[in-house]
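Single-structure report; data block below.
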Amino acid sequence: MTTAAQKSKSAITLKGSAQIVCDYLNYGINSILFQRGLYPPESFKSEENYGLTILMSTDNKIKEFLSTTLEQLKGWLVDRSVNKVALVITNVKTLEVMERWDFLVEYEGDSKTEDQTSEKPLKQIKNEIRDVLKQIACSVAYLPLLDCLCSFDIQIYTKKDVDLPSEWTEAEPANIKDAQSVRMRSFSTNIHKMDTVVTYKNYN
Amino acid sequence: NDRTPVKSQNSPYSLSPLSTSSQRLLRSPHKATRKISRIPFKVLDAPELQDDFYLNLVDWSVQNVLSVGLGSCVYLWSACTSQVTRLCDLSTDGNVVTSVAWSERGHLVAVGTHSGYVTVWDVTVNKQVNKLQGHTARVGALAWNGDVLSSGSRDRLILQRDTRTPSNVSERRLVGHRQEVCGLKWSPDNQYLASGGNDNRLYVWNMQSLSPVQTYTDHMAAVKAIAWSPHHHGLLASGGGTADRCIRFWNTLTGQPMQCVDTGSQVCNLAWSKHSSELVSTHGYSQNQILVWKYPSLTQVAKLTGHSYRVLYLALSPDGEAIVTGAGDETLRFWNVFSKARSQKEIRSVLSLYTGIR
């Protein structure tokens, strides 16, 4: 029996919202790795989600790296200690940062509660995520060709007082000279709002 | 002629009069910690047990009966007979149970509700003996002191009312919290009431003043977990929510903060052991774990996992040996964390002279 007193069973919890954000990042990052040619296309396999076909890496090292990173991020999203996640693409030879994808986090709703929930329909959130993923796929039209060997890394920008877990180190921000930025659509669970921005070298 | 040390193998040249197994026994470190079972000794189904941090839906009486608020109903479960009885059903007025608390002698149970009224039931005759109106929002916290029931509400008030009818004592209104009151505990000597709120404050009240006599503002999140030490007079422990995650200890005799330990996750409940200098804490995201700590060293004695939702509800058994925990996964789990038996059980050592014939 659901009265106004009880939360509906379909309400999204803080933990659930963090999971939704991490799921998006998993698909988004894999999509970027494929689109930008960072790994051989044969090493990707297609998966269906959000009503789209997304190419996901089958490389175990990448899968493990992303899984550990996103698991840690999930905790920080619940604690509200993360501001930004950055996917940094670097030229292996020159160590120059070629491109950077910023995933900005904003916290919404009543923060002064231990029981934050959202009644926003999951379907609507997934549609919003679908729209961003489509934009990421279309970005290949304007992003410069990365014709050098590149590697990627993930940086997480947190609030000052966060304890650094053992597998992490502090890093310098990955700034790009003569940069151009494109802001994609954002999506929101009403608990977490995520903005996606790509920054790349302006070759003009 | 080199006298190289001989390995403790069964060598005929061994210089030691002791056998290999005896040598190994003497070399092994003395195990100081007791063994706490990592699995609950009982799991009960608790359908409709809500996943709401601000509620206190489980309590265990001195008569060994568990009271649990499930949705609109309160159920009583006898730990001796395993018999279940439904005490009340609030669904007729669309109301939901938000707190339960047994009186000290265990024959009365107070039930706090979402709409704000509190009913008191005599379980010996299964009858409602009082209905206390006054709060204008849900009552998530209750605490008994003799016949006086203190209730904490989302309306930010703590009301202290005598449950005897007719009552000789008029109601006391404790004003102080700026947000929902979610924790309420009386000191063992029944002189001081500690209250915690969503405003991150921990207050201590006495029987003479309507204002707090002590205010602690160190927590950075809601304070629901509160427990007075049964051994050290004036020692109070409190736990903070998601943004805080710390257990803090206070000397309320001097008003000074003492130890503080960052547990890494939202602290939902705290309870001290009656038999030893230990305490148990229950937590939310991400591990939903139950931790047992030694005091004052604050070393972790055990970590118990199993609940798939935040461990929001905790009660101590009347004999002090077990705890029951409840969560939104709709289960109640019973754990033997403070078993007394460990100290009586002597480990039969082969080195013990009088336990066997040589």
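The values are calculated or read from the model by the stated rules, or taken from the named source; none is laboratory data. Remember, predicted model here, so these are calculated numbers, not experimental data. So basically every Cβ, Gly included, is an ideal-geometry build from the backbone, and we count neighbours across all protein chains shown. What goes into the accessible areas is simple: the full protein's heavy atoms, side chains included, and nothing from ligands, DNA or RNA. Shrake-Rupley method; radii C 1.70, N 1.55, O 1.52, S 1.80 Å.
Right, B:L76: under 22 Å from the mean Cα position of the chain (by Cα), outside any loop (DSSP other than H, G, I, E, B) and touching a residue at least 12 places away in the same chain (Cβ under 8 Å) or not? Against the criterion (under 22 Å from the mean Cα position of the chain (by Cα), outside any loop (DSSP other than H, G, I, E, B) and touching a residue at least 12 places away in the same chain (Cβ under 8 Å)), B:L76 qualifies.
Filtering segment B:140-160 to residues that are under 15 Å from B:W102 (Cα atoms) and assigned to a strand (DSSP E or B) leaves B:G140, B:A141, B:L142, B:A143, B:W144, B:N145, B:V148, B:L149, B:S150, B:S151.
Restrict the check to segment B:277-291 and report whether at least one residue is more than 14 Å from chain A (Cβ to nearest Cβ), in contact with an Asp or Glu (Cβ under 8 Å, 6 or more places away or on another chain), touching a residue at least 12 places away in the same chain (Cβ under 8 Å) and aliphatic (A, V, I, L, M). If you could, list the steps in order and put the result at the bottom.
First, the residues of segment B:277-291 that are more than 14 Å from chain A (Cβ to nearest Cβ): B:277-281, B:290-291.
Then drop every residue that is not in contact with an Asp or Glu (Cβ under 8 Å, 6 or more places away or on another chain), which leaves none.
No - not one qualifying residue is present in segment B:277-291.
Residues that are at pLDDT 95 or above, part of a helix (DSSP H, G or I), over 23 Å from A:V132 (Cβ atoms) and not aliphatic (A, V, I, L, M) occur at least once in segment A:53-60. Selection within segment B:62-76: residues that are open to solvent by 40 Å² or more (accessible area, probe 1.4 Å) and within 25 Å of B:C182 (Cβ to Cβ). The member of this set that is nearest to the other protein chains (Cβ to nearest Cβ) is B:Y75.
Filtering segment B:87-119 to residues that are outside any loop (DSSP other than H, G, I, E, B), open to solvent by less than 20 Å² (accessible area, probe 1.4 Å) and within 21 Å of B:P47 (Cβ to Cβ) leaves B:L87, B:C88, B:V97, B:T98, B:S99, B:V100, B:V109, B:V111, B:G112, B:T113. Only one of the numbered conditions (1) within 22 Å of A:D131 (Cα to Cα); (2) out of contact with any Phe, Trp or Tyr (no Cβ under 9 Å at 6 or more places or on another chain); (3) in a helix (DSSP H, G or I) is not met by A:E106, and that is (3).
Conditions tested, residue by residue: (1) in contact with a helix residue (DSSP H, G or I) (Cβ under 9 Å, 6 or more places away or on another chain); (2) more than 19 Å from A:Q155 (Cα to Cα); (3) within 14 Å of chain B (Cβ to nearest Cβ).
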{"site": "A:S10", "(1), (2), (3)": "yes, yes, yes"}
{"site": "A:Q19", "(1), (2), (3)": "yes, no, yes"}
{"site": "A:F44", "(1), (2), (3)": "yes, yes, no"}
{"site": "A:F65", "(1), (2), (3)": "no, no, no"}
{"site": "A:E71", "(1), (2), (3)": "yes, no, yes"}
{"site": "A:N83", "(1), (2), (3)": "no, no, no"}
{"site": "A:I89", "(1), (2), (3)": "yes, no, no"}
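For A:G37, the conditions (1) away from every other protein chain (no Cβ under 14 Å); (2) within 19 Å of B:G284 (Cβ to Cβ); (3) at pLDDT below 95 are fulfilled apart from (2).
Given the condition within 13 Å of another protein chain (Cβ to nearest Cβ) and in contact with a Cys (Cβ under 8 Å, 6 or more places away or on another chain), answer yes or no: does some residue in segment B:229-239 qualify?
Residues of segment B:229-239 within 13 Å of another protein chain (Cβ to nearest Cβ): B:239.
Imposing the further condition that a residue be in contact with a Cys (Cβ under 8 Å, 6 or more places away or on another chain) reduces the set to B:239.
Yes, segment B:229-239 contains at least one residue that is within 13 Å of another protein chain (Cβ to nearest Cβ) and in contact with a Cys (Cβ under 8 Å, 6 or more places away or on another chain).
Residues considered: B:D59, B:D122, B:D52, B:D45. Of these, the only one that is within 14 Å of chain A (Cβ to nearest Cβ) and either open to solvent by 60 Å² or more (accessible area, probe 1.4 Å) or among the acidic types (D, E) (or both) is B:D52.
What do you reckon, is B:C182 farther than 17 Å from B:G140 by Cβ, within 14 Å of chain A (Cβ to nearest Cβ) and at pLDDT 95 or above? Against the criterion (farther than 17 Å from B:G140 by Cβ, within 14 Å of chain A (Cβ to nearest Cβ) and at pLDDT 95 or above), B:C182 does not qualify. With respect to (1) open to solvent by 10 Å² or more (accessible area, probe 1.4 Å); (2) away from chain A (no Cβ under 14 Å); (3) assigned to a loop (DSSP other than H, G, I, E, B), the lone exception for B:Q128 is condition (3). Given the options B:A110, B:A79, name the one that is within 24 Å of B:G196 (Cβ to Cβ) and away from chain A (no Cβ under 14 Å). The match here is B:A110. Of note, B:G320 does not satisfy the criterion of being out of contact with any strand residue (DSSP E or B) (no Cβ under 8 Å at 6 or more places or on another chain) and within 14 Å of chain A (Cβ to nearest Cβ). Enumerate the pairs (first residue in segment B:112-130 and closer than 19 Å to B:E171 by Cβ; second residue anywhere and open to solvent by 60 Å² or more (accessible area, probe 1.4 Å) and part of a strand (DSSP E or B)) with beta-carbon separation below 8 Å, excluding pairs fewer than 6 apart on the same chain, so at least 6 apart or on different chains. Within 8 Å, the pairs are B:Y117/B:K131; B:V118/B:K131; B:T119/B:Q128; B:T119/B:K131; B:V120/B:Q128; B:V120/B:V129; B:V120/B:K131.
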